[in-house]
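What follows is a set of notes on a single structure, which appears directly below.
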Amino acid sequence: MYTGMRIDSAEAVRIGLVDRVVPDTELWNATMDIARTISGNAPLAVQAAKITIAQVLKDPDKRDMDAIKAIGTACMDSEDFREGRQAFMEKRKPQFRGR
C-alpha cells in the first residue's frame, strides 16, 4: 500500500493479502456461504469474536482487555457452550440459542 503498486489477484493470494479469489459471477454465492457459516455458529461466540477483533485492532494502550475477558467468560459459562460440547459428544449439529 505504501508503494501504490498495483497487484493482481494471484499475487494478492500469494502474499496473504486475501484468502481466496472467486469469479465475479460466484461472488454472491461465496459471500452467502460465509454468512451462513457464521450464522450457524453460537451467537455469543460470534459476538465475542467481534469484540475481540475490535479491541485487538486498537492501539495497545486503548484496548479494553476486561471486555475481552468478560465476553470470553460469558461464552464459557453459557448454555450454548454446554450445548456445543454435548452436540460434539453426541455427533450431532448443535442448536444454539444465544444464551
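The values are calculated or read from the model by the stated rules, or taken from the named source; none is laboratory data. Just so it is clear, the model here is predicted, and its values are computed rather than measured. Positions of Cβ are backbone-derived with ideal geometry, glycine not excepted, and every protein chain shown enters the neighbour counts. We work out accessible area using only protein heavy atoms, side chains counted, and drop any ligands, DNA or RNA first. Shrake-Rupley method; radii C 1.70, N 1.55, O 1.52, S 1.80 Å.
What is the one condition in (1) in contact (Cβ under 8 Å) with a residue 24 or more places away in the chain; (2) in contact with an Asp or Glu (Cβ under 6 Å, 6 or more places away or on another chain) that Q55 does not satisfy? Going through (1) in contact (Cβ under 8 Å) with a residue 24 or more places away in the chain; (2) in contact with an Asp or Glu (Cβ under 6 Å, 6 or more places away or on another chain) one by one, Q55 breaks only (1).
Restricting the stretch 16-33 to residues that are open to solvent by less than 90 Å² (accessible area, probe 1.4 Å) and hydrophobic (A, V, I, L, M, F, W, C) leaves a set whose member that is nearest to R82 (Cα to Cα) is M32. Answer yes or no: is there a residue in the stretch 43-52 that is farther than 15 Å from G72 by Cα and surrounded by 10 or more Cβ atoms within 10 Å (Cβ to Cβ). No - not one qualifying residue is present in the stretch 43-52.
Look through the stretch 57-75, keep the residues that are charged (D, E, K, R) and closer than 16 Å to Q47 by Cα, and return whichever of them is surrounded by the most Cβ atoms within 10 Å (Cβ to Cβ).
Step one: of the stretch 57-75, the residues charged (D, E, K, R) are 58-59, 61-64, 66, 69.
Now drop any that are not closer than 16 Å to Q47 by Cα, which leaves 64, 66, 69.
Details: D64: 12, D66: 9, K69: 10.
Here the answer is D64.
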